[in-house]
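The values are calculated or read from the model by the stated rules, or taken from the named source; none is laboratory data. As the structure is a computational prediction, the values presented were derived from the model and not from experiment. Here the Cβ positions follow ideal geometry from the backbone for every residue, glycine too, while neighbour counts run over all protein chains shown. Calculation scope for accessible area: heavy atoms of the full protein, side chains included, ligands and nucleic acids excluded. Shrake-Rupley method; radii C 1.70, N 1.55, O 1.52, S 1.80 Å.
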Amino acid sequence: MSARIIETNPQPFAPVTIDPVTLDIVENALRNARIEMDATLVRTAMSPGIREQGDAFPLIANPRGQMIVGQFGSFIDGFLRGYDGTIEEGDMLLLSDPYSCEGAISHSNDWLVLLPVYRGGRLVAWTAMFGHQSDIGGKVAGSMPIDARSIFEEGVRIPPVKIWARGEYNEDLIRLVMHQTRKPDWCAADLNALIASCRVAARRIDEMFARFGDDVVVAAMDDLLARNHRAMKALIATSVSTDIVSFTDFICDDGVGFGPYKITCSMQRVGDKVVLDFTGTDPQSDASINFYLNENMFKMFFGIYMIMVFDPQIMFNDGFYDLIEVKIPRGSLLKPEYPAALSGRTHALGRIFDILGGLLGQRTPEFLCAAGFSSSPHLMYSGRDERAGKDGEWFQLFQIGFGGIPGKPFGDGPDGHSLWPGFTNVPNEFLERYFPLRIERYEALPDTGGAGLNRGGNGILMSYRFLSGGTVSVHDDRWFTYPWGVNGGKPGSRARKILEKPDGSTQIIANKRDSLTVEKDDVLHFITWGGGGWGDPLQRDAELVGLEIRQGLVSAAGARAYGVVADARGVVDMAATTALRAEMAVQIDPADALFDFGGDIETLRANCLAQTGLPAPRPPVWHHAIAAE
């Protein structure tokens, strides 16, 4: 079963030699078209997740569906294999079912629009974009139930369908889909924004082909892929060992009382290729934390990480995929069997980047990053607005939060920054204007970043005062395990959520929680994790620590983790600092020289209640077996 591409002009593209100037012009024209897709989206979408935060990912691909510019890698390969239908001029397709495209999109909230671009009867390119819809129906507002036992509980699933077929719009289909959501106005606007973004890119591609000629642009796309292939081949040869290295990290829990869940990956260079093998990863969960990891998506993650660490000037595209082999056991947490629930996959998705850092840095510690890309914290708040003049109208917020970015070989991790470089926060003014809440605190929380020569980024404290009763869902991780430090750096702080009642009493809330009832004037203190530290904190400039005390990033008490003695004004006592550092230096444990995990799993389990205020998760019970290869 695979898609059948219909072309009325069977003439193949002629091979053309591209000069460097033309290649540079085509490359930047494609980049600009991708940027214009983003600009179109944020100007036409309605939901804060897309409009304000940019939770959408564009793509421009060649006729074979290989990504030339984009961010997440191509989704087209998996779609073409899974779609049993024709692709014709004038078509546009929509899908949201991860199982229909081999996990190229990984949960049903992500709606993917695909537009084949034709010229003269030939398919010349693809444009595509997917974005996170804030609600698609299902058992909870936001459509990401933590306790879901199957994907059927997570809202509408859209198989690959044509919303335009040979230029004819399928209005009835769209009406049917919008009937499933609690926010049809947002969904319709966001879908139209995705469509408009794809059409804008298609126009720019058509202009580019008209200017340079079809054969030239297609050949330039092939040259960009080949250039990336050469660059990645060289990076792999110099940065990946022929010896097997392995790394294991954990998802703290599944939201229904069990955890942690192990993700293990090994890496080895075999000839010119890298082999990445997830054998040893735990079986799939009964709950929704499964992540259907598409092999090509992981290849792109690996490539992005390699490029950003070793050579950031390379433009990443799909050209290097044949240099990477990915093995993911079927029935595991990263390749669950249908109809496993997938809506909570964000924690495993974020943890993949920590694992890549742990793998790539073992042989080259000077390039090793600490942990801190650990999750993508979500808050969902919904209900009937009880404020005067609002007439009980329905409101629904989906917001992505940020934690601390890890300490790096070349500097500190940013405080409270996004996992994805293009994401931004929802402005507090927007939240307070459109939702019944007030943001009372929004700040980097001192001392939450792991101490190191290069400090891990601090986590964020965001305090929401609810001005109307409603229901809250929280999705976060790194509350049980620590964001680990490296090369002598210390772990970052763990995530916490605290509900404060109007009488001042407080309750610690689980980091994965659905259907939490809140009342008017309750305050939720939403605290995210800090990034792990990099390098020996005793080597950090003492005066810099003093400056960070004055900036509110480190407290006077927290400065002692760096061996720095200072007062609350950030004035450093150099004599006392020298003495304290000498005393601390003899206590350094060599076992923590490369990775400091803050304790093994059993130690964390034993100390969990005392340290976090929450009971330790129970060891998982497996009801699904990993398939034998």
If you line up the Cα atoms of the stretch 429-566 on their principal axes, what length do they span on each, largest first, in Å? 50, 29, 28
Diffusion coefficient, µm² s⁻¹, Stokes-Einstein with Kirkwood Rh over alpha-carbon pairs of the stretch 1-141 at 25 °C and 0.890 mPa s: 149 µm²/s
Can you tell me the mean projection area, over all orientations, of the convex hull of the stretch 5-74's alpha carbons? Units nm², please. 6.8 nm²
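Considering only protein heavy atoms and a probe of 1.4 Å, how much of the accessible area of the chain is carbon and sulfur, as a whole percent?
Of all accessible area on the chain, carbon and sulfur atoms account for 53 percent.
What are the DSSP H helices in the chain that stretch 20 Å or more along their long axis, judged by alpha-carbon atoms, and whose average Kyte-Doolittle hydropathy comes to at least -1.0?
Values: long enough: 20-44 (36 Å, 0.08); 184-212 (42 Å, 0.24); 214-239 (38 Å, 0.31); 295-310 (22 Å, 1.21); 346-360 (22 Å, 1.05).
For the chain, where a helix must reach 20 Å along its axis and average at least -1.0, the hits are 20-44, 184-212, 214-239, 295-310, 346-360.
Given all pairs of different Cα atoms, what value in angstroms does the Kirkwood hydrodynamic radius of the stretch 497-575 take? Before the final figure, lay out the partial values.
Values: mean 1/r = 0.0652 Å⁻¹.
Result for the stretch 497-575, one decimal place: 15.3 Å.
Suppose accessible area is computed on protein heavy atoms with a 1.4 Å probe; arrange ARG441, ARG204, ARG478 from highest to lowest. Working shown, then result.
Details: ARG441 100, ARG204 75, ARG478 0 Å².
Reading off the accessible areas and sorting them downward yields ARG441, ARG204, ARG478.
What fraction of the Cα pairs in the chain, stated in percent, has a spacing above 32 angstrom?
On the way: 98464 of 197506 pairs.
Tail of the P(r) past 32 Å holds 50 percent of the pairs.
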The stretch 106-248 - Rg and Dmax from Cα coordinates, angstrom: 20.7, 57
Nearest 500 deg cm²/dmol is fine: what mean residue ellipticity at 222 nm does the chain get from its DSSP H runs of n ≥ 4 alone, each adding -39,500 (n - 2.57), divided by its residue count? -9000 deg cm²/dmol
Leaving ligands, DNA and RNA out of it, work out the accessible area of MET584 with a 1.4 Å probe and give it in Å² to the nearest 10. 50 Å²
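To one decimal place, what orientation-averaged projected area in nm² is obtained for the convex hull of the Cα set of the stretch 549-629?
Details: hull surface 40.2 nm².
So the Cα hull casts an average projection of 10.0 nm².
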Surpassing 22 Å at the alpha-carbon level, of the pairs LYS273/LYS299; LYS262/LYS299; LYS497/LYS520; LYS139/LYS327; LYS327/LYS490, are LYS139/LYS327; LYS327/LYS490
So who's got an amide H within less than 5 Å of the one on ILE87, skipping anything under 5 residues away but keeping other chains? H placed 1.01 Å off N, in plane. ARG4, ILE5, ILE6
Nitroxide proxy distance, nm - points 7 Å out along Cα→Cβ at ALA606 and MET574: 4.4 nm
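Ignoring ligands, DNA and RNA, what accessible area per residue does the chain give at 1.4 Å, in Å²?
Values: 23540 Å² over 629 residues.
Accessible surface, normalised per residue, equals 37 Å².
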Could you tell me what a quarter of the Cα convex hull surface of the stretch 304-463 works out to, in nm² with one decimal place? 13.3 nm²
Gained length - ARG211 relative to ARG149, 0.36 nm times residue gap less alpha-carbon distance: 17.0 nm
Could you state the number of Å between the C-alpha centres of the stretch 173-195 and the stretch 486-510? 37 Å
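Given the Cα atoms of the stretch 70-189, and with Rh set as the inverse mean 1/r over their pairs in the Kirkwood sense, what is Rg to Rh to two decimals? Spell out each step's value before the answer.
Working: Rg = 14.7 Å, Rh = 15.0 Å.
Rg/Rh for the stretch 70-189 comes to 0.98.
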Over all alpha-carbon pairs of the stretch 479-528, lay out the pair-distance distribution in 5 Å bins, whole %, shortest bin first. 5, 18, 22, 18, 13, 9, 7, 5, 2, 0
Expressed in nanometres to one decimal, the distance between label points 7 Å along Cα→Cβ at GLU443 and MET308 is 2.9 nm
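For the stretch 445-487, take N as its residue count and report Rg(C-alpha) divided by 2.2 N^0.38 Å.
Details: Rg = 15.0 Å, N = 43, 2.2 N^0.38 = 9.2 Å.
Dividing the Cα radius of gyration by 2.2 N^0.38 Å gives 1.63.
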So what's the convex hull volume per residue for the Cα atoms of the stretch 72-112, in Å³? 72 Å³
Filter the GluC sites (Glu not before Pro) in the stretch 363-409 down to the DSSP loop ones having no more than 12 other Cβ atoms within 10 Å, then list what survives. GLU393
Find the centroid of the Cα atoms in the stretch 112-144 and in the stretch 441-484, then give the distance between the two in whole Å. 32 Å
Evaluate the distance, in nm, between pseudo-label points positioned 7 Å from the Cα of LYS273 and of ARG31 along their respective Cα→Cβ axes. 3.2 nm
